[in-house]
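Everything below concerns the one structure shown next.
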Amino acid sequence: DTQKNEIQSTLTWKDVVDRAPWNAIMLCTGAVAMTEALNQFGFVEFMQSAVPGIGLTPTSLPFVAAFSCATITEIASGVATTGLLGNIFIPADAELGFNPASIAMLLSNVAIGTVTESVEAVEGCCND
């Protein structure tokens with residue numbers, strides 16, 4: 001009777017401790033911490049207000065976001081760049097009428113993925 005009330009999970013804390021890639025976990029939490037620090041200093045809000053002011057159009061926004069992402073990943077990690085630029089470009093994306101998921105996918109593909117992986121993903125989708 002007591003076993004029926006127990007919740008089964010697919011991932012336990014022991015599994016996380018034993019098998020998790022801690023370097024990736026620390027990288028993600030560091031990206032969140034960096035973005036939060038920049039948010040508290042007002043940098044993210046400043047950039048969010050500046051992006052619409054430079055006259056981005058629905059056509060130019062993805063190019064500016066991708067170029068910014070590719071440039072920043074030369075000096076910062078891809079996860080941190082995606083976290084930072086996501087906070088800046090996703091609101092601008094929504095304001096222009098895009099689905100915010102589209103700019104999130106663009107940023108993550110440019111920052112974390114490679115061109116080869118993107119091409120393989122597209123080819124795999126087209127060949128099915």
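The values are calculated or read from the model by the stated rules, or taken from the named source; none is laboratory data. Just so we're clear, the structure is a prediction, and the values are computed from it rather than from any experiment. Cβ sites come from the backbone with ideal geometry, for glycine too, and all protein chains shown count toward neighbours. These accessible areas exclude ligands, DNA and RNA; they are computed on the full protein's heavy atoms, side chains included. Shrake-Rupley method; radii C 1.70, N 1.55, O 1.52, S 1.80 Å.
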- Message: Give me the one-decimal nm value for the distance between modelled label points at V17 and N99, 7 Å along each residue's Cα-to-Cβ direction.
- Response: 4.1
- Item | Share of alpha-carbon pairs per 10 Å distance bin for segment 65-113, given as whole % | 32, 55, 12, 0
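Apply 1/(1 + (r/R0)^6) to the Cβ-Cβ distance of T57 and I25, taking R0 = 25 Å, and write down the FRET efficiency to the nearest 0.05. Intermediate values should be presented prior to the final figure.
Working: r = 38 Å, r/R0 = 1.53.
After rounding, the FRET efficiency stands at 0.05.
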- Message: As a test of reading the structure, rank C28, C69 by solvent-accessible area (1.4 Å probe, protein chains only), most first.
- Response: C28, C69
- Message: Among 72-83, 48-59, how do they line up by average Cβ neighbours within 10 Å per residue, starting with the highest?
- Response: 72-83, 48-59
